[in-house]
Structure formats: C-alpha cells, structure tokens
1. Do you know the relative contact order of region 147-228, to the nearest whole percent, from alpha carbon pairs under 8 angstrom that are 6+ apart?
2. Cα gyration tensor of region 10-52, axes a ≥ b ≥ c as square roots of the eigenvalues: rounded (a/c below 1.5), prolate (a/b > b/c) or oblate?
3. Summing -39500 (n - 2.57) over the DSSP H runs of n ≥ 4 in the chain and dividing by its residue number, what mean residue ellipticity at 222 nm do you reach, to the nearest 500 deg cm²/dmol?
4. Run the numbers on the chain and let me know its relative contact order in percent, using alpha-carbon pairs under 8 Å that are six or more apart.
5. Across 5 Å bins from 0, what is the distribution of all Cα-Cα pair distances for region 147-228, in whole percents?
Amino acid sequence: MPDAEYRDIRKLDLFSQMADEHFTSLMRGAYVQNFPAQIELTTEGEPSDFLHIVLSGSVDLFSEWNGRDTSMATVRPVSTFILAATIKDAPNLMSARTLEKSRIALIPSQDVRTIFDLDSSFARAIVTELAQCYRSVIKAQKDLKLRTSLERLANYLLRQLKHADGSATFELGFEKRRLASVLGMTPENLSRAFKGLQPYGVAVNGTHITIDDQADLERFAKPNPLIDDFST
C-alpha cells in the first residue's frame, strides 16, 4: 500500500488512536484495488469478508427485495463501510457498488475482530463510529416519517448547499432517479417536488441546482439539527 494511502487511513478516527504495532498488524493483510464504475463490491446476505475503505471515488449502498431496490447511502473518501457486519461477523444487510472509478482498501474482517479484542483504543473508536451510524439511521428515519416528500427534498437541498462553499448553485452529484430512491420517492414524485419548490427560489436544469432565496427555502423546510446535522 502506498505511503500516502497508509497515512490517509491512519488519520481516520477509527484508526488514529490505536497502537502503532496493532495498526501495522492490521495493515499487513490489507490491500488496495482499483474498481471501475458499477462494480458490485459486497452482496446483501453474504458474509462480510472485508472492511472496505473508500480512498477515492464513491460507493452506493443499496438493498433489494421483491423486485424493488433502493439506495441507502453514498460513501465518499476517506471513509469505511460495512463496519457493523465486520465486527458482528454477520451477513451484509446491504449491497455496495461503485458509482464511479474508485480506489478501495480492503482489510480482512477477521483481522479487524482480532485487533478489536487486543486494542482498547481501537475498540472504543469502533463503538463511537457505530454509535454515530446508529444516530444517522435514526435521523434518516425521522426525515422519512415526519416530513412530506416536498419537505424532504427541500432539506436535502439545504444540506447540499452547505457543502457548496457559499455558492447558490451546485450539482446533485448523481442522477435524479437515484436521488428519488435516497429520499424515498418515485422519480415522478421527485419531478413534482422540484416543481413544488420553484416558488421558494429553487431552479433546476438537469442536475444543476440554483437556490435564489435560501432564507425563503429555510422558512418552508424548517431544518432541524436533530434530523439534518449528521455530525452530531
């Protein structure tokens, strides 16, 4: 593994406080691989053989049932996914596929569980990350169950606006069909929701979004940090 990627992984909260010898041992069995877009990395229901770390690109976490599928989350660099299944030695609850060309580090799950038992700092970091994941799931459920589709879209756009470095315009980053899935809508409902937000200053051109009046959109959306702030 190149030194730069080794250092990037070491900086993650999950690994930053663990003992050097334990981190070195964990990385000994790890390897990095490049994947093209739309490659399935993990399959729902199968054992979690590796903890995955996205070093570049992006990964879609999704699930399928009874002929239907839905996107659950997007994983971007530098971050892990399928941690709970790795620690529990349980089947994956979601599948994962690359959304674009991606570089992924893979750490054998058995090695992660071994170091978990040996390194208390690593174990605490894992518990903290799993607690954060749990809180994110609760917020996503509140967003889905307490808000209308129009309110969900409005708050999603406001969250994306915060990452736009002060610009009133930004790109969605992926196709609208996938956004509809993430927000629990059909593509048709998403299209109607975008039209419903036009009176609040939202303009759409393909995947290009412009928000002319953020304050007006916020008055409608009523963002709540207990739902919308995934850092807490």
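Any read-out appearing in this document is the output of simple, stated calculations on the displayed coordinates, not a laboratory observation. Since this is a predicted model, take the numbers as computed values, not measurements.
1. On the way: 89 pairs, mean separation 30.4, N = 82.
This gives 37 percent for region 147-228.
2. Numbers: a/c = 2.38, a/b = 1.98, b/c = 1.20.
Here region 10-52 falls in the prolate category.
3. Numbers: 11 runs with 108 residues, N = 232.
Helix contribution divided over all residues of the chain: -13500 deg cm²/dmol.
4. On the way: 369 pairs, mean separation 44.6, N = 232.
Relative contact order of the chain: 19 percent.
5. 3, 15, 30, 30, 19, 4, 0
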